[in-house]
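Presented below is the structure to which this report refers.
The values are calculated or read from the model by the stated rules, or taken from the named source; none is laboratory data. These figures come from a predicted structure and were not determined experimentally. With ideal geometry, Cβ positions are generated from the backbone for all residues, glycine too; neighbour counts draw on all protein chains shown.
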Amino acid sequence: MNFITIGTFDGVHLGHRRLLAELALMSRAAAMKSLALYFPVPPRAVIS
């Protein structure tokens, strides 16, 4: 298993930094890898 976040990530503002930091913290604590999956359009337009 891995920890994954999905989004458009339109610049790395404070909210995105917090999300990525939490992702890294949780994945390290579980000895797993983390992944940020980027979409150039809102993910809901691609994933139903």
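Against the definition (among the small types (G, A, S) and more than 13 Å from the chain's Cα centre (by Cα)), how does S48 come out, yes or no? Against the criterion (among the small types (G, A, S) and more than 13 Å from the chain's Cα centre (by Cα)), S48 qualifies. Residues in the stretch 1-27 that are aliphatic (A, V, I, L, M) and closer than 22 Å to V41 by Cβ: I4, I6, V12, L19, L20, L23. Kindly establish whether A24 is modelled with pLDDT of 95 or more, of a type in the set (A, V, I, L, M) and surrounded by 13 or more Cβ atoms within 10 Å (Cβ to Cβ). Criteria met by A24.
Every test in (1) under 10 Å from the mean Cα position of the chain (by Cα); (2) modelled with pLDDT of 95 or more; (3) exposed (fewer than 13 other Cβ atoms within 10 Å of the Cβ); (4) of a type in the set (A, V, I, L, M, F, W, C) is passed by L37 save one, and that test is (2).
For G11, the criteria (1) modelled with pLDDT under 90; (2) part of a helix (DSSP H, G or I); (3) not acidic (D, E) hold in every case but one, which is (2). Within the stretch 23-47, the residues that satisfy the criterion of being in contact with a strand residue (DSSP E or B) (Cβ under 8 Å, 6 or more places away or on another chain) and closer than 15 Å to D10 by Cβ are A36, L37, Y38, F39, P43. Is it the case that some residue within the stretch 2-12 is in contact (Cβ under 8 Å) with a residue 40 or more places away in the chain and either in contact with a strand residue (DSSP E or B) (Cβ under 7 Å, 6 or more places away or on another chain) or surrounded by fewer than 12 Cβ atoms within 10 Å (Cβ to Cβ) (or both)? Yes: the stretch 2-12 contains one or more residues that are in contact (Cβ under 8 Å) with a residue 40 or more places away in the chain and either in contact with a strand residue (DSSP E or B) (Cβ under 7 Å, 6 or more places away or on another chain) or surrounded by fewer than 12 Cβ atoms within 10 Å (Cβ to Cβ) (or both).
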